[in-house]
Amino acid sequence: MNSSQLLSVVTFVYGFAATFYIAGWIFKKSMPAKLARWAAIVGIVINLAGFLLRWKESYAIGYGHAPLSNMYESLVFFALTIAIIYLFIEIRYKTTVVGAFAMPIAFLAMAYASLSPNVNDQIQPLIPALKSNWLIAHVVTCFFGYAAFAVAFGISIMYLVKNRAPDKQSGLLARLPSLGDLDELTHQMVMFGFLFLSIGIITGSVWANSAWGSYWSWDPKETWSLITWFVYATLLHARMMRGWYGKKIAYLSIIGFGAVLFTYFGVNYLPGLHSYGAS
């Protein structure tokens, strides 16, 4: 079994986890949530194993680079980081309901990587611009930031759903964490993501200087990364200096994740130095 086949299994494991997290929330049963947790753990282990196997395969065929260089590989790593961050939240806060909103995002990332005809799962040689020791640092930090923003997006959706009837004491809405807890968790995820995105932009600038002789060239991906950074910087500034919370923060978090998605997918259709990301 090669890495692509192993990673295709992860798609179904994450789908299983997402389904049972949703079932645990809807039916308020502990067994689906326990099954979902174990599925998430198994999925992370297989995802990581597939990632490392792909790295080994790259060396075996003479390319010898970390599997972080194209759309397929980045989606695989994106799903892995989302699952890891979510599982940390579950362990830290003793809640499984967030999984009903976070794990579907990991599943969708893996499903797109494994099933989309527009995503090539073949290991490819690095283009000259990617042959840098800064590659791993830049991509890893950016995607941990993206993953935290993805989880914050899911929690923001939870907040808006809960906010429709905050005093309801029964049904699906009552099984969600309190509005205060959701608001604080969104803030924490955004803080975490903002830190890693900032580091990612800095390492990317150093990488750009070594590859193209300039720290910043206003390439579409660079520009949209900066736009995304400013959206989340605005969110954090509004919360700390203006006292914003609740729906305003949730909406800004959703807008920010929209910027993340365009930075990740949309700019690949624009000419620029990062157009290789669509392969």
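Worth pointing out:
- Of the candidates W218, W229, W207, W224, the single residue that is within 23 Å of F143 (Cα to Cα), surrounded by 19 or more Cβ atoms within 10 Å (Cβ to Cβ) and at pLDDT below 90 is W207.
Results for (1) among the charged types (D, E, K, R); (2) in the same structural domain as N2 (by TED's automatic domain parsing), shown as yes or no for each residue.
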position	(1), (2)
Y93	no, yes
V97	no, yes
A109	no, yes
D121	yes, yes
F143	no, no
A147	no, no
I157	no, no
D181	yes, no
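- Positions within the range 162-178 being free of Cβ contacts under 8 Å to residues at least 40 places away in the same chain and part of a helix (DSSP H, G or I), in sequence order: K162, L173, A174
- You will find that of Y63, Y86, the residue that is in a loop (DSSP other than H, G, I, E, B), under 27 Å from L135 (Cβ atoms) and of a type in the set (F, W, Y) is Y63 and no other.
Matching residues to (1) farther than 22 Å from A259 by Cβ; (2) in a helix (DSSP H, G or I):
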site	(1), (2)
A113	no, yes
Q124	yes, no
A137	yes, yes
F153	no, yes
L160	no, yes
E184	yes, yes
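- All positions within the range 215-242 that are basic (K, R) and either touching a residue at least 40 places away in the same chain (Cβ under 8 Å) or under 13 Å from Y264 (Cα atoms) (or both): K221, R239
- The residues listed here are Y269, Y264, Y276, Y251; of these, the one that is on the phi < 0 side of the Ramachandran plot and modelled with pLDDT of 90 or more is Y251.
- The range 174-194, residues that are under 15 Å from the mean Cα position of the chain (by Cα) and of a type outside the set (S, T, N, Q): M189, V190, M191, F192, G193, F194
- The criterion of being within 18 Å of the chain's Cα centre (by Cα), among the polar types (S, T, N, Q), within 16 Å of G99 (Cα to Cα) and not assigned by TED's automatic domain parsing to the domain that holds G171 holds for T11.
- Residue match in the range 92-109 (condition: in a helix (DSSP H, G or I), crowded, with 18+ Cβ neighbours inside 10 Å and polar (S, T, N, Q)): no
- Filtering the range 27-37 to residues that are surrounded by 14 or more Cβ atoms within 10 Å (Cβ to Cβ) and either part of a helix (DSSP H, G or I) or at pLDDT 95 or above (or both) leaves P32, A33, L35, A36, R37.
- Residue pairs whose Cβ atoms lie under 7 Å apart, separated by 6 or more positions or on different chains, with the first residue in the range 89-105 and without any contact (Cβ under 8 Å) to a residue 12 or more places away in the chain and the second among the basic types (K, R) and assigned to a helix (DSSP H, G or I), do not occur.
- Flag for A208 being out of contact with any helix residue (DSSP H, G or I) (no Cβ under 7 Å at 6 or more places or on another chain), assigned to a helix (DSSP H, G or I) and touching a residue at least 12 places away in the same chain (Cβ under 8 Å): yes
- Close Cβ contacts (under 7 Å, 6 or more residues apart or on different chains) running from residues in the range 179-199 that are modelled with pLDDT of 95 or more to residues that are outside any helix (DSSP H, G or I) comprise D183/Y245; D183/G246.
The values are calculated or read from the model by the stated rules, or taken from the named source; none is laboratory data. Model, not experiment: these values are computed from the prediction. Quick reminder, even Gly has a Cβ in these numbers, built from the backbone with ideal geometry, and neighbours come from all protein chains shown.
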